[in-house]
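First up is the structure itself, then whatever we jot down about it.
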Amino acid sequence: MAESIAPPYVRIAAELSRRIADRELTPGDKVPSTRQVAQEFGVALATATKALDVLRAEGLVITRPRSGTVVAPRRAAKSGEAAELTRERVLAEAIEIADGEGLAAVSMRAVASRCGVAPMSLYRFVEDKDELVLAMADTVYGSAAFERDASAPWRSQVESLTRELWRLHRAHPWLGRTQPLTRPLPLPSIIRLGDRLLGALEPLGLPPKQHMNVHVLLFSHVVGLAANFEAEDEAVSETGLSSEEWTDLQYLPRTGDAAFMGDMPHFAELFGALGALPDGYDLDLDELFELGLGLFLDGLENVAQRTARRPELYRSITAQESGAPMSDLHVVLGATGAIGKAVIAELTVRGHEVRAVSRHAEGPQSLSADITTAEGAIAACAGATVVYQCAQPPYAQWTEEFVGLTDTVLTGVEKAGARLVMADNLYMYGPVEGPLTEELPYAATFPKGRARARVAELILNAHKDGRIRASLGRASDYFGPGGVNTILGPTIFAAAAAGRTARWVGEMDEPHTVAYLPDLAAGLVTLGEHPKADGYAWHLPAGPPVTGDEFLALVWKAAGGKPKSAGLSRGMQRLIGAFNPVVKELGETWYQRDRPWVVDDTAFRAAFPQHVKVTPHEQAIAETLAWFKRQA
């Protein structure tokens with residue numbers, strides 16, 4: 001009769017048992033992983049798993065959180081008398097339970113059992129479990145030195161403190177559950193650590209909110225990653241598998257399936273490269289911690305360099321965020337234009353100090369300056385908190401002059417350490433289908449549209465590079481008191497005020513967003529009052545879209561008398577444009593007039609809900625027409 005042959009998993013288990021017995025593997029040594037066993041003995045992963053299960057059943061190996069499967073220690077006999085019951089001993093036993101079994105295993109009864117006393121005995125030291133857990137956390141945090149060498153570079157200080165915090169959370173993975181990010185508890189030891197971190201970050205000269213947020217993000221980096229340790233402990237207890245063993249069983253069959261990976265070429269390529277590594281790839285939280293900390297501090301170094309280049313800018317931002325006394329000077333460039341005048345009126349109503357800048361300014365709050373030169377722009381912006389750029393070259397010279405004007409304005413704003421708010425339009429988007437949002441690409445193909453795109457890029461890049469803080473407020477065609485150089489002013493309001501035919505430029509039945517000048521100005525001032533607007537372009541709030549027919553009907557309702565309305569079609573525009581260069585240029589933007597032109601302003605409304613000013617069209621049109629009649 002043939003001798004029976006033991007199954008492969010039994011033979012593998014026997015070989016590993018021999019290594020343990022012969023001290024080739026000693027207590028605490030890591031046992032080969034499922035993948036390594038499969039490779040060494042040439043068997044399937046399932047067979048390797050069964051072999052390790054045999055060793056676990058015999059008590060030869062255990063699965064230890066964060067270490068994987070290791071040789072089991074030999075049990076030492078207990079001896080000696082029970083130690084005296086003190087608060088320190090209660091906390092030490094509770095911490096040991098949490099470290100070994102998780103925070104959920106900590107109870108007054110469990111701690112009392114470890115101490116060899118009745119549960120009621122613990123209430124001499126803590127009132128309940130909640131107080132026990134807080135005291136445990138304070139004890140653990142307090143056990144760390146968290147030393148800071150104030151003479152060392154700021155980065156070295158931050159690295160040292162953050163790594164010490166990581167070491168604590170790695171050793172005590174339950175800690176993160178005691179300090180939720182949104183509701184941190186004021187434990188003395190954690191506040192001391194926070195104070196040392198804030199001190200280490202101080203040389204960066206960050207504004208107060210950024211200073212606080214950076215310190216919170218460093219805590220979050222540690223706590224967020226370390227939370228996975230306790231989750232892994234629980235998973236090990238439930239499955240008996242280390243993370244590496246579980247991952248191998250779950251993923252290796254998938255990644256080896258060509259059909260499954262066929263639709264995921266990037267993962268397929270990456271998995272292939274990782275599989276070629278000598279030890280494969282295992283997720284290592286320590287590596288992730290160091291990688292994340294390094295990338296985060298690299299970014300902070302960029303901030304530090306910008307701060308060093310522009311200290312006056314960051315001092316200005318700090319004062320704004322902290323509410324400290326500072327200049328409230330709001331400078332309006334292009335103060336004699338319609339938008340500039342409207343912004344000045346809105347700033348005055350809101351109680352701000354105003355300087356009105358133009359080439360030929362008059363009055364006590366005015367300054368004459370040529371902002372096309374660096375010297376003029378610097379003089380115009382000197383001492384400003386916020387600068388509103390409402391100036392622009394003549395329409396026919398946009399292509400040649402707008403970028404140069406913007407460069408000099410940026411010089412003046414940068415020198416003053418002020419924030420910039422740009423009164424912008426929608427030319428940079430070019431033809432679009434559907435509502436206009438701030439996320440649209442700059443796709444203009446005509447010269448003036450490309451010039452406006454370049455202006456916007458210059459401003460946003462200056463913000464990104466740390467030269468200034470800036471935002472842009474964008475609006476569609478506008479109308480309102482003083483709006484004489486707009487597409488709606490002369491052709492509609494001036495004509496209706498004089499009893500002539502009011503003409504809508506474009507298709508009469510397509511919806512079109514129009515902005516009321518005082519509302520537009522209110523939106524720009526809101527951007528100027530809120531630093532959180534910086535770094536973005538915003539579509540300013542406007543009333544609902546209207547068609548040409550609807551708009552003209554409201555005009556004649558306000559004007560009274562017999563309506564005289566007409567549309568200016570594309571054919572008529574071409575005909576008149578042959579003799580009138582201004583009308584001819586309308587052809588470049590006719591895409592705004594032969595289809596729906598609807599501006600989405602939901603981002604502004606969501607960010608500044610208490611500062612949305614939109615005048616009903618009927619009221620806005622009546623006020624505008626009344627102004628034009630007074631000028632007739």
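With contacts taken as Cα pairs under 8 Å at a separation of at least 6 residues, the chain carries a relative contact order of 9 percent.
Could you compute the FRET efficiency for ARG192 and THR86, with r as their C-beta to C-beta distance and R0 at 25 Å, rounded to 0.05?
0.55
Principal-axis analysis of the Cα atoms of the chain puts helix 188-201 at an angle of about 50° to the longest axis. Within the same chain, lysines fewer than 8 places from LYS584 are excluded, and of the rest, those with a Cα less than 25 Å from its Cα are LYS448, LYS564. Here r is the Cβ-Cβ distance between ASP257 and ASP286 and R0 is 35 Å; the resulting FRET efficiency, rounded to 0.05, is 0.65. Summarising the label geometry, the points placed 7 Å from Cα in the beta-carbon direction at THR182 and ASN485 lie 5.0 nm from one another. Oblate is the label for segment 472-518, because the ratio a/c of its alpha-carbon gyration tensor axes (a ≥ b ≥ c) is 1.5 or higher and a/b is not greater than b/c.
Per the Debye calculation on segment 192-278 with a single equal scatterer at every Cα and no solvent contribution, log₁₀ I(q)/I(0) for q = 0.13, 0.17, 0.20, 0.26 Å⁻¹ amounts to -0.73, -0.82, -0.92, -1.20.
Rounded to the nearest 0.05, the FRET efficiency derived from the C-beta distance between ALA152 and ALA276 at R0 = 41 Å is 0.50.
By definition, a body whose alpha carbon gyration tensor gives a ≥ b ≥ c is prolate when a/c is 1.5 or more and a/b is larger than b/c, and segment 495-580 fits this prolate description. Residues in segment 465-481 near a label at ASP600, defined as backbone nitrogen under 19 Å from the 7 Å Cα→Cβ point? Residues 472-477 fall inside that zone. Between amide H atoms placed 1.01 Å from N, distances below 5 Å from MET422 occur with GLN389, SER471, LEU472, GLY473, all of them 5 or more places distant or on a separate chain.
With the convex hull of the Cα atoms taken as the outline of the chain, the averaged projected area works out to 44.3 nm². Axis of helix 129-142 versus longest Cα principal axis of the chain: the two differ by about 90°, to the nearest ten degrees. Modelled this way, with points 7 Å down the Cα-to-C-beta line, the labels at SER113 and SER220 are 3.9 nm from one another. The long axis of helix 87-101 is offset from the longest Cα principal axis of the chain by roughly 80 degrees.
Just to confirm a number: summing +1 for Lys and Arg and -1 for Asp and Glu over residues other than LYS613 whose beta-carbon lies under 14 angstrom from that of LYS613, what do you get? Let's see the in-between values first.
On the way: positive: ARG350, ARG605; negative: GLU346, ASP519, GLU529, ASP601, GLU623.
Surrounding charge for LYS613 is -3.
Report, for the chain, the % of DSSP beta bridges that are antiparallel, rounded to 5.
Values: 6 of 39 bridges.
Close to 15 percent.
Neighbours of ILE190 by Cβ distance under 12 Å: Lys/Arg scored +1, Asp/Glu scored -1, total 0.
Measuring with a 1.4 angstrom probe and ignoring ligands and nucleic acids, SER569 comes out at about 60 Å² accessible.
The values are calculated or read from the model by the stated rules, or taken from the named source; none is laboratory data. In this text the structure is predicted, and so the values were computed from the model without any measurement. As a convention, Cβ positions derive from the backbone with ideal geometry for all residues, glycine included, and neighbour counts pool all protein chains shown. Areas reflect the complete protein model, heavy atoms only, side chains present, ligands, DNA and RNA absent. Shrake-Rupley method; radii C 1.70, N 1.55, O 1.52, S 1.80 Å.
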